[in-house]
Structure formats: structure tokens, C-alpha cells
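Since the structure comes first, as C-alpha cells, the remarks are kept for the end.
We did not get these values from a lab; they are worked out from the coordinates using the rules stated. A quick note: this is a predicted structure, and the numbers were derived from the prediction, not measured. Positions of Cβ are generated from backbone atoms using ideal geometry, with glycine treated the same way; all protein chains shown enter the neighbour counts.
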Amino acid sequence: MANGPALYPEIGKRARDLLYKDYNFDQKFNLSIPSSTGLGLIATGLKKDQIFIGDINTLYKSGNLTVDVKVDTYSNVSTKVTLNDIFRCKKVALSFNIPDHKSGKLDVQYLHPHAAIDSSIGLNPSPQLELSTAIGSKDLCMGAEVGFNTTSASFTKYNAGITFNRPDFSAALMLVDKGKSLKASYIHHVDRPDGFTVAAEINHRFSSFENRFTIGSSQLIDPNTVLKTRFSDDGKAAFLCQRAWRPKSLITLSAEYDSTKIFGSSTKLGLALALQP
């Protein structure tokens, strides 16, 4: 819904995206080939240390139906079938992996002008249950999520949060790690031609009274190039430069320096290339 609350995972997402999204310290390649017939192809390759991991996605869209089939280098096949705007639900999705016959999962997403609900259940004799909900509006909403393992009869997660959003800033407060930590985040868009934006995240752990923080910024160097920086209290500093050298084709260079490392390499470098003809 345009004026309704977003799903629970969206709480604090604007700050998280600025601080962590697109940072990559390996070599990554992505090729997307869309099609006017509704059948698209996405190939992804990732080199991490001396290991190469790749997969091929085939994406088919027709009306409200989307079928996504992924095959990776280990011959695992992942399939997800999604129906959008069915009955009163925003989305219904069925996913499963081959050869894992216990991996089936059903997701149901429902959006209301004052509520957003997302639920999933494993399609096996001892299913994993997950439920998240958010209530309010697009400007102010609160929500919670729970996960329950029916085999052990125990909760795998329970978190809660509240967020306040405006066009130029967003603030969020979340209780995470099964109530063991309190996380606060803030992002502010400065009224400047280069779109300068700053964000901060603070995490307080109740058991050890430990506080961790991360700050970052983002700005445009030119209309096609964005520069991001990130600093954290553990002595790590990172930067990212991403350039759109043609529409929907991006080249991203990431680097991180760890000032606490005395032995070994204290610098990580990563390169990601995303192509779309």
C-alpha cells in the first residue's frame, strides 16, 4: 500500500543499505539478459579466495506469475514460483530445492492500509514457522518477527522494532538477537546538489554492556558515479566507488583497511561487475 507500512524487514533498511549494501571484498561478476518475451537469464560468478562459485538463473514472467529457477556449480537446483496480487494477498510464493526434498517452503505476504504481514511455513513433517508483522503508516510504524522450530519446540528468533520516516531522514530502534541487543540507526539526506547522505548505527549488548557503532556517508561525484565511506569502532575503514558506465551496467570497486591487524594483510580489495545489454 502506498501509504501503509512496509514489511518488518524494511525497518532500518535505509541506513543499513548505505552502510553495507554493495560492499564486496571478493571478485564478483553478474550478467543479466532480459527478454521482451518474459524469459530472462542471470549469470553470477563469485571468486572468494581460491574458490569459485557460480550460478545461472532463469526468470520467467507472465502476468501475475513469476518462475525463478537457479542452478549452481554444485548442481543444486532452487525453484521459486510466485503469484502476485492473488485473492487479497499481495504475494504467494512456493520455493523448493533439488535434491533436498525437505526444503519446500510456502510464503504468504499480505498488505493492508494499516498493516503488513509476511509469513512462511516449511512444507515438511517438522516445519519451521516464521511470522513478521508491521502496523502503522509509511511514516511511523512498529513491528515484530518470530521464528519457531516445531522439532525442538523452541523459538529461533524474536525481534521487534519501530521506525520514523520522513523524505529527508529515517530513524529506527530495534530489539534484536532474541532481546539481547538494542540497535539504533539514523540516516539523513543533506540538501546538497551532490546528494550527500550520512548514516549511523549503534548496537548495545545488554549482557556485556558493549557498545558498537558504525558511521558512513554517500555522495555523487558525477551523475553516474557514487562514492561511499564507512568507519567502525573496531578500527576498520572502507570505501566504495560505483560507476554506471552504461544504463543498468555497474562497475564497483570496494576497499577496506583494518588498523588492528599487525600481521598479515590489513587491506581487502574487491571488484564487482554487473552487465545488462
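Which of the residues belonging to segment 234-257 are buried (at least 17 other Cβ atoms within 10 Å of the Cβ), farther than 26 Å from Ile42 by Cα and of a type in the set (Gly, Ala, Ser)?
If the condition is that a residue be buried (at least 17 other Cβ atoms within 10 Å of the Cβ), farther than 26 Å from Ile42 by Cα and of a type in the set (Gly, Ala, Ser), then Ala238 is the only one that fits.
I need the strands (runs of 3 or more DSSP E) fully contained in segment 1-112, keeping only those with at least 3 residues that are more than 20 Å from the chain's Cα centre (by Cα) and farther than 30 Å from Ala160 by Cα.
39-48, 51-62, 65-72
Among what's in segment 258-276 and is in contact with a strand residue (DSSP E or B) (Cβ under 6 Å, 6 or more places away or on another chain) and exposed (fewer than 14 other Cβ atoms within 10 Å of the Cβ), pick the residue that is nearest to Asn211 (Cα to Cα).
Thr267
Spot the failing condition for Phe209; the list is (1) under 30 Å from Leu275 (Cβ atoms); (2) without any contact (Cβ under 8 Å) to a residue 24 or more places away in the chain; (3) surrounded by fewer than 14 Cβ atoms within 10 Å (Cβ to Cβ); (4) not charged (D, E, K, R), and only one is missed.
Going through the list (1) under 30 Å from Leu275 (Cβ atoms); (2) without any contact (Cβ under 8 Å) to a residue 24 or more places away in the chain; (3) surrounded by fewer than 14 Cβ atoms within 10 Å (Cβ to Cβ); (4) not charged (D, E, K, R), Phe209 breaks only (1).
What are the residues in segment 225-267 that are within 22 Å of the chain's Cα centre (by Cα) and charged (D, E, K, R), if any?
Of everything in segment 225-267, those that are within 22 Å of the chain's Cα centre (by Cα) and charged (D, E, K, R) turn out to be Lys228, Arg230, Lys236, Arg243, Lys248, Glu256.
With the condition kept exactly as written, say whether any residue in segment 125-135 is in contact with a Pro (Cβ under 6 Å, 6 or more places away or on another chain), closer than 29 Å to Asn76 by Cβ and loosely packed, with under 15 Cβ neighbours inside 10 Å.
No.
Report yes if Ala6 is buried (at least 16 other Cβ atoms within 10 Å of the Cβ) and in contact with a helix residue (DSSP H, G or I) (Cβ under 9 Å, 6 or more places away or on another chain), otherwise no.
Against the criterion (buried (at least 16 other Cβ atoms within 10 Å of the Cβ) and in contact with a helix residue (DSSP H, G or I) (Cβ under 9 Å, 6 or more places away or on another chain)), Ala6 qualifies.
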